[in-house]
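The values are calculated or read from the model by the stated rules, or taken from the named source; none is laboratory data. Please read these numbers as outputs of a predicted model, since none were measured by experiment. Cβ placement follows ideal geometry from the backbone for every residue including glycine, while neighbour counts extend to all protein chains displayed. SASA here: full protein model, heavy atoms, side chains in, ligands and nucleic acids out. Shrake-Rupley method; radii C 1.70, N 1.55, O 1.52, S 1.80 Å.
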Amino acid sequence: MNHAQHTILFITGLIAAAGCSSSNTVTGSSNMLPGGMGVVGSVPTDTLVGSTLSITYHVTDANGVALQGALVRWDLVSGVGALSADSARTDASGNAAVVWTLDTTAGPNRMEARTGLLQGLLLTVDGNPDRPATVHLSSDTLSFNVVGDTLRLTTRVKDRYGNTIETPGVVWSSANTAVATVDSAGRVVSRAAGQTLVTATADTASSSAVVIVQ
């Protein structure tokens, strides 16, 4: 799967020192409060559910100089994932890193980073279903009384976390095409009296239905 990438631009702005809490105190030759913050490198806009992302934030002062000792706080806005820490102070390069584990339920995950009085920096990553783990057929038995009749089977494919996969790429097959055939849409056609298995396969997961032709 190819995932689109984006780079977060720096949010900049001058911050007045008056009225700021001591928790925002920073060290370094500039001895100033955070004036800008951005993400180092790129972050995927979508990836598999449950993925782990290592994200580094870079903090500068109002003059664009890397700021050591700035407190960066992280919060999950949506998605029941996990963060390796609630906060961290920037190192000598002005960087603070966090590991973000995405929710195992498919959907958007949002994390916000804050430092000083700057506006929060929001990241959104969509969690896509993992590879197929189970295939459920609409029926486990098909019975035909007349040769040449058609019945259709449908599937529900889910990943290991129970997320439904909308386009799983199901491949259909019949163990005995002399008895019944099946097309790419799951339509089964009886061909002759007998019994066979029709199987739906998605990746390494599969499920079969018994086909009986009287």
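Points worth noting:
Let's see how each residue does on (1) in contact with a Ser or Thr (Cβ under 7 Å, 6 or more places away or on another chain); (2) of a type outside the set (Gly, Ala, Ser); (3) within 27 Å of residue 41 (Cα to Cα):
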residue: 82; (1), (2), (3): yes, no, yes
residue: 92; (1), (2), (3): no, no, yes
residue: 96; (1), (2), (3): yes, no, yes
residue: 134; (1), (2), (3): no, yes, no
residue: 148; (1), (2), (3): yes, no, no
residue: 165; (1), (2), (3): no, yes, no
residue: 179; (1), (2), (3): yes, yes, no
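- The range 150-161: number of residues that are within 30 Å of residue 46 (Cβ to Cβ) and touching a residue at least 24 places away in the same chain (Cβ under 8 Å): 7
- Failed item, numbered, when residue 117 is tested on (1) open to solvent by 30 Å² or more (accessible area, probe 1.4 Å); (2) on the phi > 0 side of the Ramachandran plot; (3) in contact with a helix residue (DSSP H, G or I) (Cβ under 8 Å, 6 or more places away or on another chain): (2)
- Any chance residue 123 is closer than 30 Å to residue 38 by Cα, among the aliphatic types (A, V, I, L, M), outside any strand (DSSP E or B) and in contact (Cβ under 8 Å) with a residue 60 or more places away in the chain: no
- Figure legend. Inter-residue proximity from the range 66-87: first residues among the acidic types (Asp, Glu), second residues open to solvent by 30 Å² or more (accessible area, probe 1.4 Å), beta-carbon distance below 7 Å, spacing 6+ or different chains. Indicated pairs: 75/112; 86/73.
- If you go through the range 102-114 and keep only what is hydrophobic (A, V, I, L, M, F, W, C) and open to solvent by 10 Å² or more (accessible area, probe 1.4 Å), you end up with just 106.
- Residues within the range 156-209 that are in contact with a Lys or Arg (Cβ under 8 Å, 6 or more places away or on another chain), assigned to a loop (DSSP other than H, G, I, E, B) and under 17 Å from residue 142 (Cα atoms), tallied: 5
- Any hit, the range 24-37, residues being open to solvent by less than 30 Å² (accessible area, probe 1.4 Å), outside any loop (DSSP other than H, G, I, E, B) and at pLDDT 95 or above: yes
- Failed criterion for residue 138 (all others in (1) open to solvent by 20 Å² or more (accessible area, probe 1.4 Å); (2) in contact with a Leu (Cβ under 8 Å, 6 or more places away or on another chain); (3) in contact (Cβ under 8 Å) with a residue 60 or more places away in the chain; (4) of a type outside the set (A, V, I, L, M, F, W, C) hold): (3)
- The set of residues in the range 47-67 being surrounded by fewer than 19 Cβ atoms within 10 Å (Cβ to Cβ) and either among the aromatic types (Phe, Trp, Tyr) or part of a loop (DSSP other than H, G, I, E, B) (or both) consists of 50, 62, 63, 64, 65.
- Taken residue by residue, the range 142-149 has no member that is surrounded by 15 or more Cβ atoms within 10 Å (Cβ to Cβ) and closer than 28 Å to residue 52 by Cβ.
So that you can scan it fast, the table gives a plain yes or no per residue for (1) at pLDDT 95 or above; (2) of a type in the set (A, V, I, L, M, F, W, C); (3) over 21 Å from the mean Cα position of the chain (by Cα):
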position: 136; (1), (2), (3): yes, no, yes
position: 147; (1), (2), (3): yes, yes, yes
position: 151; (1), (2), (3): yes, yes, yes
position: 157; (1), (2), (3): yes, yes, no
position: 164; (1), (2), (3): yes, no, no
position: 167; (1), (2), (3): no, no, no
position: 175; (1), (2), (3): yes, yes, yes
position: 179; (1), (2), (3): yes, yes, yes
position: 185; (1), (2), (3): yes, yes, yes
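- The range 197-212 - residue that is open to solvent by 40 Å² or more (accessible area, probe 1.4 Å) and among the small types (Gly, Ala, Ser) and, of those, farthest from residue 132 (Cα to Cα): 208
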